[in-house]
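A short worksheet on the structure shown next.
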Amino acid sequence: MGKGDRRSRRGKIWRGTSGKTRPAKKKKKNNKQIITNPIEVPEKQEKSNQETQQQNQQQEKQLSKRKRKE
């Protein structure tokens, strides 16, 4: 009636097994729904190199204006 006993709860815990005195845990069911028609996401349009340079210049101008005010 201890760790070596196959039928007792303590013995089942020690051995790492399950049975009538120590039932195994039930597995949870996966309730996720399968999406048959996924939403289409439009692809991003890549900006040209000139557009990014213009944006960078505008940001630099705004930062320089802020620094002048301080």
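Here, each number is a calculation from the coordinates, and none is a lab measurement. Just so it is clear, the structure is predicted and the values come from calculations on it, not from any experiment. Here Cβ is always computed from backbone atoms with ideal geometry, including for glycine, and neighbour counts include all displayed protein chains.
Scan region 1-16 and tell me whether some residue there is surrounded by fewer than 10 Cβ atoms within 10 Å (Cβ to Cβ) and in contact with a helix residue (DSSP H, G or I) (Cβ under 9 Å, 6 or more places away or on another chain). The answer is yes; a qualifying residue exists. Among the residues making up region 17-56, those that are surrounded by 10 or more Cβ atoms within 10 Å (Cβ to Cβ) and assigned to a helix (DSSP H, G or I) are Glu51, Thr52, Gln53, Gln54, Gln55, Asn56.
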